[in-house]
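Okay, structure first, notes after.
The values are calculated or read from the model by the stated rules, or taken from the named source; none is laboratory data. Bear in mind that the values here come from a model prediction, so they are computed numbers and not experimental data. Don't worry about glycine lacking a Cβ; one is built from the backbone with ideal geometry, like all the others, and counts go over all protein chains shown.
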Number of protein chains: 2
Amino acid sequence: MTFHDRLLARASSLGSICVGIDPHPGVMDAWGVSYDLAGLERVAMGTVEALGDHVTAFKPQSAFFEQWGSAGIAVLERCITEIRSGGGLVILDVKRGDIGSTMEAYAQAYLGEGPLSVDAITISPYLGFGSLTPAFDLAEANDRGVYVLARTSNPEGGDIQLGSTSLGTPVAQSIVDNATQRNHSTGLDAIGLVVGGTHETLRIDLSWYSGSILVPGIGVQGGTISGLASSFAETSALLVPSVSREVLNAGPNPQALQEAVERVLAS
Amino acid sequence: MTFHDRLLARASSLGSICVGIDPHPGVMDAWGVSYDLAGLERVAMGTVEALGDHVTAFKPQSAFFEQWGSAGIAVLERCITEIRSGGGLVILDVKRGDIGSTMEAYAQAYLGEGPLSVDAITISPYLGFGSLTPAFDLAEANDRGVYVLARTSNPEGGDIQLGSTSLGTPVAQSIVDNATQRNHSTGLDAIGLVVGGTHETLRIDLSWYSGSILVPGIGVQGGTISGLASSFAETSALLVPSVSREVLNAGPNPQALQEAVERVLAS
């Protein structure tokens, strides 16, 4: 079953919300755990245990695991195993982007069969949409997905994304158009997009796009679930709103974490 | 001593060449080692042992270590320790790029004091040059460096890089200008650039830029050391040409690896 179909199937019962696992110092403080490897493992595993049956997907943020070196990556491996063994999907936020054999190695690392094998990853197109082809190919071959950064809502996000490509197309639109074209030609919808939810004017046309759209910034970053309907009115693509701190800060109590998810869903 | 000064000091005796450590299947085959963790460690450590006293810097390519999960990252940690204990510089090629607390975590991971602490990393600006500020800040505070992707020589590299920002500046030029401005204001030259060496017309003005320029693509990718003089005629910045396969494929014999470096230097 393709990644997109697995996502649709699980979202049909649990809704499409995705919980980001971003164990940064503030979250570890909220959990009352020390800012070390044990604290990292407690937050990551505690979040999955509390919410594994309640949400469609988790989005671990690689940076917070890389920070602790190989021991942190070992925690990430255990976290991935825990999510997948419960039937949840893992969208690993790594924002990788490279060329040639290096991009192939990144694809193998996360979309192959190694210890960090996940359902989908985020990738970054500064080296050109086409440079990411090894990830597209492997995602499609292995029933995985990728989410290509298109339009982010951080203040500096528009500098490049609202500019133009060498052919004169707006940059974010060119990412959307390339993803649309590839998804239409394969019928697999393996190519997802990352589009920020809090930016008022997205200035991109998503009406032809099929696939799923990962929307970070729900919760403390200002986005709401109800606000998505108007921000993304023109698309019929599956929206995967991602919430991190708003939920994580409610831990470690499992019921409090579950209630935080409910609150976000009602926002 | 700042990263830039350490780089200048070591380059004054050894030349500024940087050897990429990209243990991909072809290289492991050339070394006669199996394509597994033991093979990865043999290539990474063997390259450092053979060339540690002969080159200024090594550029391990993170993707080839990530592919083996936490065990691969543990090899990367040992490789970094080996390079630094011999006095060599480590430019870790990770091409990270994110925002806010996530970018801070990436900066801490590689430019802080953790197990993956290195001299410099590569970073990617699709989310805006300003989104990389946590890495600039920490590099400057901790005497480290960053190399921001500006202009790459892969076929699709120009799609975004030769386009325009939202303010109408050519994208690659805007990266150069932002890096130039920051280096001039701090005087630390912590902000390096990645600019491909094989692209005939760079179409960017580097004449005001101070700092160092990492130039991949020397060797089998078609670039030569003598060709750099004309490609980069207008800049007085320190060029750090990076060579990978051309050297690595000569292994595992240490003398053959050293001779491969000499051949590249004479190219």
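Okay, here's what the table says:
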{"quantity": "Which numbered condition A:D159 fails, given (1) surrounded by fewer than 19 Cβ atoms within 10 Å (Cβ to Cβ); (2) charged (D, E, K, R); (3) facing another protein chain (nearest Cβ under 10 Å)", "calculated": "(1)"}
{"quantity": "Filtered residues of segment B:114-169 (kept if in a loop (DSSP other than H, G, I, E, B), within 16 Å of B:L188 (Cα to Cα) and free of Cβ contacts under 8 Å to residues at least 60 places away in the same chain)", "calculated": "B:N142"}
{"quantity": "Lone qualifier among B:L116, B:L138 - being crowded, with 24+ Cβ neighbours inside 10 Å and among the hydrophobic types (A, V, I, L, M, F, W, C)", "calculated": "B:L116"}
{"quantity": "Residue match in segment A:82-89 (condition: touching a Leu at 6+ places or on another chain (Cβ under 9 Å) and either within 13 Å of another protein chain (Cβ to nearest Cβ) or among the aromatic types (F, W, Y) (or both))", "calculated": "no"}
{"quantity": "Residue that is modelled with the highest pLDDT [pool: residues in segment A:215-224 that are buried (at least 20 other Cβ atoms within 10 Å of the Cβ) and more than 24 Å from A:L40 (Cα to Cα)]", "calculated": "A:V215"}
{"quantity": "Any chance B:V55 is among the β-branched types (V, I, T), more than 12 Å from every other protein chain (Cβ to nearest Cβ) and crowded, with 24+ Cβ neighbours inside 10 Å", "calculated": "yes"}
{"quantity": "Residue in segment A:43-51 that is out of contact with any Ser or Thr (no Cβ under 6 Å at 6 or more places or on another chain), under 24 Å from A:L238 (Cα atoms), among the hydrophobic types (A, V, I, L, M, F, W, C) and more than 11 Å from every other protein chain (Cβ to nearest Cβ) present", "calculated": "yes"}
{"quantity": "Per-region count, segment A:21-38, residues out of contact with any Lys or Arg (no Cβ under 8 Å at 6 or more places or on another chain) and either away from chain B (no Cβ under 14 Å) or surrounded by 24 or more Cβ atoms within 10 Å (Cβ to Cβ) (or both)", "calculated": "4"}
{"quantity": "Count of residues meeting criterion [within 7 Å of chain A (Cβ to nearest Cβ) and hydrophobic (A, V, I, L, M, F, W, C)] in segment B:98-134", "calculated": "6"}
{"quantity": "Residue list for segment B:245-261, filter: at pLDDT 95 or above and of a type outside the set (A, V, I, L, M, F, W, C)", "calculated": "B:N249, B:G251, B:P252, B:N253, B:P254, B:Q255, B:Q258, B:E259"}
{"quantity": "Lone qualifier among B:S230, B:S185 - being at pLDDT below 95 and in a helix (DSSP H, G or I)", "calculated": "B:S230"}
{"quantity": "Selected residue (only one of A:A172, A:A250, A:A233, A:A237 is under 23 Å from A:G158 (Cβ atoms) and touching a Lys or Arg at 6+ places or on another chain (Cβ under 9 Å))", "calculated": "A:A172"}
{"quantity": "Selection status of A:D143, more than 24 Å from A:V90 (Cα to Cα), more than 7 Å from chain B (Cβ to nearest Cβ) and either acidic (D, E) or surrounded by fewer than 20 Cβ atoms within 10 Å (Cβ to Cβ) (or both)", "calculated": "no"}
{"quantity": "Selection status of B:I160, among the β-branched types (V, I, T), in contact with a strand residue (DSSP E or B) (Cβ under 6 Å, 6 or more places away or on another chain) and within 24 Å of A:T102 (Cβ to Cβ)", "calculated": "no"}
{"quantity": "A:S212 crowded, with 23+ Cβ neighbours inside 10 Å, among the hydroxyl-bearing types (S, T, Y) and in contact (Cβ under 8 Å) with a residue 24 or more places away in the chain", "calculated": "yes"}
{"quantity": "Check on B:L239, in contact with a Phe, Trp or Tyr (Cβ under 8 Å, 6 or more places away or on another chain), touching a residue at least 40 places away in the same chain (Cβ under 8 Å), closer than 25 Å to B:A50 by Cβ and not charged (D, E, K, R)", "calculated": "yes"}
{"quantity": "Unique residue being more than 23 Å from A:Q255 (Cβ to Cβ), assigned to a helix (DSSP H, G or I), at pLDDT 95 or above and among the polar types (S, T, N, Q) when the list is A:T47, A:T81", "calculated": "A:T81"}
{"quantity": "Residue in segment B:185-207 that is under 13 Å from A:D159 (Cβ atoms), within 13 Å of chain A (Cβ to nearest Cβ) and of a type outside the set (S, T, Y) present", "calculated": "no"}
{"quantity": "Any hit, segment B:90-97, residues being more than 9 Å from chain A (Cβ to nearest Cβ), modelled with pLDDT of 95 or more, touching a Leu at 6+ places or on another chain (Cβ under 9 Å) and not in a helix (DSSP H, G or I)", "calculated": "yes"}
{"quantity": "Options B:D5, B:D22, B:D36, B:D29; residue that is out of contact with any Gly (no Cβ under 6 Å at 6 or more places or on another chain), among the acidic types (D, E), under 14 Å from B:A120 (Cα atoms) and at pLDDT 95 or above", "calculated": "B:D5"}
{"quantity": "Residue in segment A:10-17 that is of a type outside the set (S, T, N, Q), buried (at least 17 other Cβ atoms within 10 Å of the Cβ) and within 14 Å of chain B (Cβ to nearest Cβ) present", "calculated": "no"}
{"quantity": "Given (1) in a loop (DSSP other than H, G, I, E, B); (2) free of Cβ contacts under 8 Å to residues at least 40 places away in the same chain; (3) buried (at least 24 other Cβ atoms within 10 Å of the Cβ), index of the condition B:G72 fails", "calculated": "(1)"}
